[in-house]
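Enquirer: Before I ask anything, here is the structure I am working with.
The values are calculated or read from the model by the stated rules, or taken from the named source; none is laboratory data. Bear in mind that the values here come from a model prediction, so they are computed numbers and not experimental data. Ideal geometry is used to build each Cβ from the backbone, glycine not excepted, and the neighbour counts take in all protein chains shown. We work out accessible area using only protein heavy atoms, side chains counted, and drop any ligands, DNA or RNA first. Shrake-Rupley method; radii C 1.70, N 1.55, O 1.52, S 1.80 Å.
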Amino acid sequence: MNLGDLKIERVQTFPVALPTRRSFGVAGGAVAVAGRPSIRILVRVDAGGATGWGEATPIPAWTYETAESIVTTIDRYLAPAILGRPAWDLDGIARIFDRTINRGFSIGAPLAKCAVDMALNDLLGRAAGVPCGVLWGARRTDRIELAWVVSGQSPAEVGDSVAEGRGLGYGAFKVKIGLHDEATDAAVVEAVRAHAGPDAPLWVDANQGYTAHAALRMARRLGPLGVTAFEQPLPANDVAGLRRLRADCPVPVALDESLRHPSDLATFVKLDAIDIAIAKVQRSGGPTLSRRLCALAEDAGVQLMGSGLTDSDLGLAASLHLFAAYGIDTPVDLNGRQFVESPYAASTVRVEGGTAHVPDGPGLGVEVDEATVRRLTVDVLGG
């Protein structure tokens, strides 16, 4: 199949209700609730007989995009803007997206844009018969170490969560903080360290939950515990606060929500306000812009870590291809399997003993059962 001949013919959205394995919360609120389905927006793109799939994870507690807004943004704005365009022109399509839903302090609907961009990368890989890493010309590793996420438990309950992760082969742990008062947050991290052991990689994520003064107080508690990174302690747009914090913080400051676009990373690098950049496919609008951000971090000498957005298996696979392309060798927070199921995926990502294998199949390497997708589809617009 000649990639140059592929023109985008159709973009479809499928809001699917996926089974939730357990509850999960961040500083902003609930991400997944046991007993309730977790909504994900799957996107199918067709071009010249080739098909690709992508995913968006609506989490209003984390960002401003909802299931409803993602569907309408894609169906009414993004899809019409790219119909008839060459499917290979990922750079041109990213520019079209920037004009169609423009930037403010954020990239502008990154989750919706990601789902389409992810599907296009999948489509091109499938059309060429190669995995995304081969398509990009970059794959430095075949395996990515995963971290077990501890979120919402009290200090007394942490032991069971750590033991469950260890039982599944996980040796690294990420702790969500900002869910309690400072003393309890610190006690939770102390309990995780006690149960995980002195040598287990351990980092914390506040999801913008602290003020600058509170973050510095917390960092001073975390330093003696061997915490390797303090992720997004302050609001995403508090550039001045993050710069001041980084100057005094005894724990390396990692930025997630602050880095929507590669230009955001450039700003923090210029201001000397970042230790670690978090690579996250959905937050940055898809694999195309995420690759630019990762390349910039690497060229600027900023350490890269990886994270996900409680993705189902399509998002998981896209993240693995991205992290493998840049050789991320620290444990990554790809926690989707811990909290949601992906019944639409036939052949998919292999996870063994806390390690994910980067898929070898064409595109993302996830075989999507469309009949199951349609069975799981729900009406989120009420129409």
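Enquirer: Among all lysine pairs in the chain that are eight or more places apart or on different chains, how many have alpha carbons less than 25 angstrom apart?
Expert: Values: Lys7/Lys113; Lys113/Lys280; Lys174/Lys280; Lys176/Lys280; Lys270/Lys280.
Going through the chain pair by pair, I get 5.
Enquirer: Using r as the Cβ-Cβ distance of Arg243 and Glu352, and R0 as 56 Å, what FRET efficiency do you calculate, to the nearest 0.05? Can you show the working numbers first?
Expert: On the way: r = 41 Å, r/R0 = 0.74.
Efficiency, from the Cβ-Cβ distance: 0.85.
Enquirer: How many Å² of accessible area per residue for the chain, probe 1.4 Å?
Expert: Values: 14060 Å² over 383 residues.
Ligands and nucleic acids excluded, the result is 37 Å² per residue.
Enquirer: Taking only C-alpha pairs under 8 Å that are 6+ residues apart, what is the relative contact order of the chain in percent? Intermediate values should be presented prior to the final figure.
Expert: Details: 905 pairs, mean separation 79.7, N = 383.
The value is 21 percent.
Enquirer: Grab the beta carbon distance between Leu3 and Ala295, set R0 = 22 Å, and tell me the FRET efficiency rounded to 0.05.
Expert: Working: r = 22 Å, r/R0 = 1.01.
Computed FRET efficiency for Leu3 and Ala295 comes out at 0.50.
Enquirer: For the chain, state the average projected area of the convex hull of the C-alpha atoms over all orientations, rounded to one decimal in nm². Provide the component values of the computation, followed by the final result.
Expert: Values: hull surface 68.9 nm².
Reported value for the Cα convex hull: 17.2 nm².
Enquirer: In addition: Counting only the heavy atoms of the protein chains, how much of Lys7 is accessible to a 1.4 Å probe, in Å² to the nearest 10?
Expert: It works out to around 90 Å².
Enquirer: Multiply the residue gap between Arg22 and Asp160 by 0.36 nm, knock off their C-alpha separation, and tell me the result in nm, one decimal place.
Expert: 48.3 nm
Enquirer: In whole percent, how big is the carbon plus sulfur part of the accessible area of the chain, probe 1.4 Å, protein atoms only?
Expert: Of all accessible area on the chain, carbon and sulfur atoms account for 48 percent.
Enquirer: Enter the accessible area of Tyr326 (Å², nearest 10), with the probe set to 1.4 Å and all protein chains included.
Expert: Here the accessible area works out near 40 Å².
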